[in-house]
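A short write-up of the structure that comes next.
The values are calculated or read from the model by the stated rules, or taken from the named source; none is laboratory data. What you are looking at is a predicted structure, and each value in this text was computed from that prediction instead of being measured. Reconstructed Cβ throughout: ideal geometry from the backbone, glycine too, with neighbour counts over all protein chains shown.
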Amino acid sequence: MQGCDRCAYLPESSSIPLTKTRRANLDVLAASALIFLAAFLLFAVEPILGKLILPRFGGSAGVWTACLLFFQSALVAGYLYAHLLARIRSARLQAAVHSILLLVSLAVLPLTLPAATAAGAAPLLDIIGLLVRTIGAPFVLLASTGPLLQHWLAEGRGEQAGRSPVRLYAVSNFGSLLALVAYPLLVEPVFRVRLQTAGWSLGYGFFVAVGVAAAWVARRRAPAEPSPEAHDAAPALADRALWFLLSLAASALLLAMTSHITQDVAPVPLFWIIPLGIYLFSFIAVFGWPGLYRRAVWLPAFAVALGGLMYAAAVPPAAQNLPLVLGGYSLGFFLACLVLNGELESMRPPGSRLTGYYLTIALGGAGGAVLVAAVAPALLPGPYDLPIALTLAGGIVVAAEWRRERQRRAGLWRRALLASAGVGLALGAGFVAWRDAEDAHGAVTLARNFYGSLLVSEETDDATGAVVRELTNGDIIHGAQYRLPADRRRWPIAYYGPTSGVALALRALQRSGPLRVGVVGLGAGTLAAFGRVGDAYTFYDINPLVTRVATGDFTFLHDTPAAWRIRLGDARLSLAGESGPRLDVLVIDAFAGDAIPTHLLTREAFALY
């Protein structure tokens, strides 16, 4: 046994003074425990907040993307705070500032959400603002713990213990991963949300107490004069740029992969946590065991994974075997993250430059989150995030390898190999772009917003000449209507045919007179086809883009003789605010991906219904 393990037990009665190495080992052990706790709390609160916020914003996958954007941005704030605090020369002042901020952050406890928050015109900004008010200060301070303690260890000559403080980065990611795995398996099935928030609040209070003590211990251990590492040369601008770009690519790939996986599956914490857990595990692997990343092994695997993911993004798997499809995506994503983070670890600077290194990584992570969560929905008409993120990741790895080979003055064949990889990447991206252009060609409508991408297309039956217009979200059909022949336009088709459960229920109740019908989920407005004179239909939908499509590209609403209205907003909140007569029929037809949002299936929701 070596390192901090041999100092796990020290007799209380021992009068032998600690050697410098043993003291450093104890410092690393204590710092590891605190960093682990901070990381655990940091990532334990993420799924809790996602679960709390999800019902207020329609249960869409975009909610988690917005949460990830906040988390990445808060990491930047935490790393920037650690970087600036480390620049204060007085160790006493560092400890005082950090202690005061930790104590002040207790004011947000217990963890709760404001009672009257709902989706507005800009749900992305609404979610970020809500998270800033709820958890902003504690999140930033938790995020700062790792780089700050690593800096203090480096200043106190912690590397003499035989373990570089950068290893604590892997400890941090292990704590994060453990929190993510524990939530869907142990926490969510057993504890109600109120107990989850209460338990997290108690854990954070304990962290503050230990954090204050650690700050003052670090002050006493600080050297009287700056260590020689303080004079390490600043990294080159090209190195900083690659830190940023490698982190940006990994973060963009994380959000794009999460969005792609949950697009056709329920947006529940388990399917959010799988990509994030893989992302964190890749950090643990390369920072915990630096020798694991061997380019000769992983770069070819990265190329194969990139090609497979590119093809899957362009041609979705036909197999409905969820474990197989999810496993394939997960393996490809892991290989991509391993290479991106492996390149990042191989470029890490000396201990005195670690806070700037982590700050740059955090900035890159936030940049990737902004690209996918904010820029892509505003600029891209369709769900093209994943192929763009894959192309970006491949291009940055090729650029990093090209620069490394130039520094080594590699031979012509190595450069030719890299150039071939770049050409292959360009061809793959071109193939995906061509397939996307083919899919979008002739589309009646292709549009996107915070809640997802909608495609309205038409298909013609060559044998009969019938033309059917379909509304799809990803690979899921959310409504269809005959366009030709014209006398079939009012026919309810797809999953609303005459023998469907909804059709049977409505026709049975129509015998008693006019009906008041509520429909959660507008889609193409197909259920309006069952309306009669005297009936009143209320459609509840949170997505304004769906309203535009249902009233502009389909005619069910315009053709029905029944009175109808659309209530924009989360259906559960809208139903809770209804004050008119009771509904005769309530149809739950809201879908996020290929499943009903979970907050519409709870006991509280059914009591409301």
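Let me confirm something: among LEU392, LEU380, LEU417, LEU386, which residue is under 24 Å from ARG548 (Cβ atoms) and not hydroxyl-bearing (Ser, Thr, Tyr)? So that I can check it myself, show each step before the final result.
Details: LEU392 fails: under 24 Å from ARG548 (Cβ atoms); LEU417 fails: under 24 Å from ARG548 (Cβ atoms); LEU386 fails: under 24 Å from ARG548 (Cβ atoms).
That would be LEU380, the only listed residue that is under 24 Å from ARG548 (Cβ atoms) and not hydroxyl-bearing (Ser, Thr, Tyr).
Among the candidates ALA8, ALA91, ALA39, which residue alone is over 25 Å from the mean Cα position of the chain (by Cα), under 23 Å from GLN150 (Cβ atoms) and at pLDDT 70 or above?
Just a single option satisfies the conditions, and that option is ALA91.
Does ALA437 satisfy the condition of being assigned by TED's automatic domain parsing to the domain that holds LEU309 and at pLDDT below 80?
In short, yes.
Would you mind stating whether GLY365 is surrounded by 24 or more Cβ atoms within 10 Å (Cβ to Cβ) and either closer than 23 Å to LEU306 by Cα or in contact (Cβ under 8 Å) with a residue 12 or more places away in the chain (or both)?
Taking the combined requirement at face value, the residue satisfies it.
Tell me, please, whether a residue that is modelled with pLDDT under 85, touching a Lys or Arg at 6+ places or on another chain (Cβ under 8 Å) and not in a helix (DSSP H, G or I) can be found in segment 301-315.
Yes, that holds for at least one residue.
I want to confirm something. Restricting to segment 457-476 and keeping residues that are among the charged types (D, E, K, R) and not in a strand (DSSP E or B), which single residue is nearest to ALA312 (Cα to Cα)?
Here is the first cut: in segment 457-476, the ones among the charged types (D, E, K, R) are 458-459, 461-462, 469-470, 475.
Filter again for not in a strand (DSSP E or B), leaving 461-462, 475.
Numbers: ASP461: 28, ASP462: 29, ASP475: 13 Å.
Checked segment 457-476; the qualifying residue nearest to ALA312 (Cα to Cα) is ASP475.
Any residue in segment 568-593 that is without any contact (Cβ under 8 Å) to a residue 60 or more places away in the chain sitting within a Cβ distance under 8 Å of a residue that is in a loop (DSSP other than H, G, I, E, B) and surrounded by fewer than 18 Cβ atoms within 10 Å (Cβ to Cβ)? List the pairs, counting only those 6 or more apart or interchain.
Filtered contacts from segment 568-593: LEU575/TYR609.
Are any of the residues in segment 334-348 among the charged types (D, E, K, R), at pLDDT 90 or above and either part of a helix (DSSP H, G or I) or crowded, with 23+ Cβ neighbours inside 10 Å (or both)?
For segment 334-348, residues among the charged types (D, E, K, R), at pLDDT 90 or above and either part of a helix (DSSP H, G or I) or crowded, with 23+ Cβ neighbours inside 10 Å (or both): present.
Can you name the residue in segment 545-578 that is aromatic (Phe, Trp, Tyr) and closer than 15 Å to ARG469 by Cα and, of all such residues, is surrounded by the fewest Cβ atoms within 10 Å (Cβ to Cβ)?
PHE554
Is it the case, given these coordinates, that ASP541 is within 27 Å of the chain's Cα centre (by Cα) and within 27 Å of SER60 (Cα to Cα)?
Working: within 27 Å of the chain's Cα centre (by Cα): yes; within 27 Å of SER60 (Cα to Cα): yes.
Yes; evaluated as a whole, the condition is true for this residue.
Does LEU177 qualify as being in contact with a helix residue (DSSP H, G or I) (Cβ under 6 Å, 6 or more places away or on another chain) and either buried (at least 24 other Cβ atoms within 10 Å of the Cβ) or modelled with pLDDT under 75 (or both)? Give the steps one after another, and end with the answer.
Working: in contact with a helix residue (DSSP H, G or I) (Cβ under 6 Å, 6 or more places away or on another chain): yes; either buried (at least 24 other Cβ atoms within 10 Å of the Cβ) or modelled with pLDDT under 75 (or both): no.
For LEU177, the condition - in contact with a helix residue (DSSP H, G or I) (Cβ under 6 Å, 6 or more places away or on another chain) and either buried (at least 24 other Cβ atoms within 10 Å of the Cβ) or modelled with pLDDT under 75 (or both) - is not met.
If the requirement is being over 24 Å from the mean Cα position of the chain (by Cα), of a type in the set (A, V, I, L, M), closer than 30 Å to ASN473 by Cβ and in a helix (DSSP H, G or I), which of these qualifies: ALA433, ALA366?
Values: ALA366 fails: over 24 Å from the mean Cα position of the chain (by Cα).
It is ALA433.
Just to check your reading of the model, which residue among ALA82, ALA107, ALA74 is under 25 Å from the mean Cα position of the chain (by Cα), at pLDDT 90 or above, assigned by TED's automatic domain parsing to the domain that holds TRP200 and closer than 23 Å to ALA214 by Cβ?
None of the other options fit; the residue is ALA74.
Determine whether THR134 is over 20 Å from the mean Cα position of the chain (by Cα), buried (at least 18 other Cβ atoms within 10 Å of the Cβ) and either modelled with pLDDT under 80 or β-branched (Val, Ile, Thr) (or both).
Spelling it out, it is not the case that THR134 is over 20 Å from the mean Cα position of the chain (by Cα), buried (at least 18 other Cβ atoms within 10 Å of the Cβ) and either modelled with pLDDT under 80 or β-branched (Val, Ile, Thr) (or both).
Quick one: which of ARG548, ARG603, ARG582 is basic (Lys, Arg), out of contact with any helix residue (DSSP H, G or I) (no Cβ under 9 Å at 6 or more places or on another chain) and within 25 Å of ALA443 (Cα to Cα)?
After ruling out the rest, the residue left standing is ARG548.
In this structure, does ALA524 turn out to be in a loop (DSSP other than H, G, I, E, B) and among the hydrophobic types (A, V, I, L, M, F, W, C)? Give the steps one after another, and end with the answer.
Working: in a loop (DSSP other than H, G, I, E, B): yes; among the hydrophobic types (A, V, I, L, M, F, W, C): yes.
Judged against the criteria, ALA524 is a match.
Quick check on this structure: which one of GLU470, GLU405, GLU401 is farther than 30 Å from PRO377 by Cα, acidic (Asp, Glu), at pLDDT 75 or above and surrounded by 17 or more Cβ atoms within 10 Å (Cβ to Cβ)?
Every option except GLU401 fails the conditions.
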